[in-house]
Amino acid sequence: MRAALFITCLCDLFFPEVGESTVRLLRRLGVEVTFPAGQTCCGQPAYNTGYTAEARDVARNLIEVFEREAPDVPVVTPSGSCAAMIRHHYPRLFAGDSEWATRAAAFAERVYELSEFIVHVLGRTDLGARYPAVATFHRSCHMARGLGLVEEPLALLRAVEGLELVDLPHPGECCGFGGTFAVKMAELSTAMVDAKVQAIEETRAQLLVGCDVGCLMHIGGRLRRLGRPVRVLHLAQLLDEVTRPARWTA
């Protein structure tokens, strides 16, 4: 199988290791991964801030790049938030423009969040991994509510032998990141992430795992500032680490 990687802005600029883990993991699962070099932002920051015309320009570029450089293959992204933007908001961006609405809808149908792709397209949950640790999972808002993806990452984590997965209290509560919300409403955002940190501490987990690096950046930053010894990992990083052959040949 072939697939194209949509890396997202936050991964590209702040968490390239998440993209690297995604590629290694997919290759290990038998997927040939291509990377369209002309890709840019999906347009979500502009769209959420009310700059619809600018978001439309960015979306056109992204669609054109993947049409040209990776036609007719699934597009995989390690971000529930960006996948939700493309799947649900691209068709709305181009409502009234029949040509671009058709192209946007076709592109949206090709886009998959990483765990969704592994579980529903590759048909895998048990990756043959082992990792003795206690972990909890942060359910990001856009992924759970926008895409309806809750069980997919949990299924992958539950299949890791030795990993004790503890439910995070109040899983439906936002971490307070919300993109520009964390900048515009800093005090409220901090109060929300402090509540999330308290919930994480109640689980006594060693690892916090999530599928959106925006949330993980926000929560992880707060954990570090408070001196909490919780390791924060994207799902791609954990699955890459626990399926890496070198772990078992050393």
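Would you mind telling me which numbered condition in (1) surrounded by 20 or more Cβ atoms within 10 Å (Cβ to Cβ); (2) of a type in the set (A, V, I, L, M); (3) over 19 Å from L10 (Cα atoms) V150 fails?
Condition not satisfied by V150: (1).
State yes or no: is T243 under 22 Å from the mean Cα position of the chain (by Cα), more than 22 Å from C82 (Cα to Cα) and not charged (D, E, K, R)?
yes
Out of Y90, Y131, report the one residue that is more than 19 Å from the chain's Cα centre (by Cα), hydroxyl-bearing (S, T, Y), more than 18 Å from V33 (Cβ to Cβ) and outside any loop (DSSP other than H, G, I, E, B).
After ruling out the rest, the residue left standing is Y131.
Matching residues to (1) at positive phi; (2) in contact with a helix residue (DSSP H, G or I) (Cβ under 6 Å, 6 or more places away or on another chain); (3) in contact (Cβ under 8 Å) with a residue 24 or more places away in the chain; (4) among the polar types (S, T, N, Q):
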| site | (1), (2), (3), (4) |
| --- | --- |
| G30 | yes, no, yes, no |
| C42 | no, yes, yes, no |
| D57 | no, no, no, no |
| R60 | no, no, yes, no |
| V75 | no, yes, yes, no |
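As an exercise: evaluate T40 against (1) among the β-branched types (V, I, T); (2) more than 26 Å from T180 (Cα to Cα); (3) not in a helix (DSSP H, G or I) and give the number of the one condition it does not meet.
Going through (1) among the β-branched types (V, I, T); (2) more than 26 Å from T180 (Cα to Cα); (3) not in a helix (DSSP H, G or I) one by one, T40 breaks only (2).
Restricting to the range 113-153, name every residue that is free of Cβ contacts under 8 Å to residues at least 60 places away in the same chain and either acidic (D, E) or in contact with a helix residue (DSSP H, G or I) (Cβ under 7 Å, 6 or more places away or on another chain) (or both).
E116, V119, T125, D126, V150, E151, E152
Take R60 and tell me if it is farther than 28 Å from L233 by Cα and surrounded by 15 or more Cβ atoms within 10 Å (Cβ to Cβ).
So R60 fits the description; yes.
Can you pull out every residue in the range 216-231 that is aliphatic (A, V, I, L, M), open to solvent by 40 Å² or more (accessible area, probe 1.4 Å) and either under 23 Å from T125 (Cα atoms) or touching a strand residue (DSSP E or B) at 6+ places or on another chain (Cβ under 6 Å) (or both)?
Scanning the range 216-231 gives no hits.
Which condition breaks for F35 when tested against (1) closer than 16 Å to A105 by Cα; (2) modelled with pLDDT of 95 or more; (3) out of contact with any Ser or Thr (no Cβ under 8 Å at 6 or more places or on another chain)?
The one condition F35 does not meet is (1).
Looking at the range 155-178, is at least one residue on the phi > 0 side of the Ramachandran plot and modelled with pLDDT of 95 or more?
Yes, the range 155-178 contains at least one residue that is on the phi > 0 side of the Ramachandran plot and modelled with pLDDT of 95 or more.
Please indicate, with yes or no, whether at least one residue in the range 198-209 is assigned to a loop (DSSP other than H, G, I, E, B), farther than 30 Å from Y47 by Cβ and open to solvent by 40 Å² or more (accessible area, probe 1.4 Å).
Among the residues of the range 198-209, at least one is assigned to a loop (DSSP other than H, G, I, E, B), farther than 30 Å from Y47 by Cβ and open to solvent by 40 Å² or more (accessible area, probe 1.4 Å), which makes the answer yes.
For residues that are polar (S, T, N, Q) and open to solvent by 30 Å² or more (accessible area, probe 1.4 Å), scanning just the range 23-57, find the one that is farthest from the chain's Cα centre (by Cα).
Filtering first and then ranking leaves T52.
Applying the selection to the range 71-129, what residues are charged (D, E, K, R), surrounded by fewer than 16 Cβ atoms within 10 Å (Cβ to Cβ) and farther than 16 Å from P153 by Cα?
D72, R92, D97, E99, E109
Output the number of residues of the range 210-229 satisfying the condition of being touching a Leu at 6+ places or on another chain (Cβ under 9 Å) and in a loop (DSSP other than H, G, I, E, B).
3
So for the range 181-192 (the condition being surrounded by fewer than 15 Cβ atoms within 10 Å (Cβ to Cβ) and closer than 17 Å to C211 by Cβ), does at least one residue qualify?
Checked the range 181-192: no residue is surrounded by fewer than 15 Cβ atoms within 10 Å (Cβ to Cβ) and closer than 17 Å to C211 by Cβ.
The values are calculated or read from the model by the stated rules, or taken from the named source; none is laboratory data. Predicted model, so just to flag it, every value in this text is computed and none were measured. Cβ coordinates were reconstructed from backbone atoms using ideal geometry, including for glycine residues, and neighbour counts include every protein chain displayed. For accessibility, only protein heavy atoms count, side chains too; no ligands or nucleic acids. Shrake-Rupley method; radii C 1.70, N 1.55, O 1.52, S 1.80 Å.
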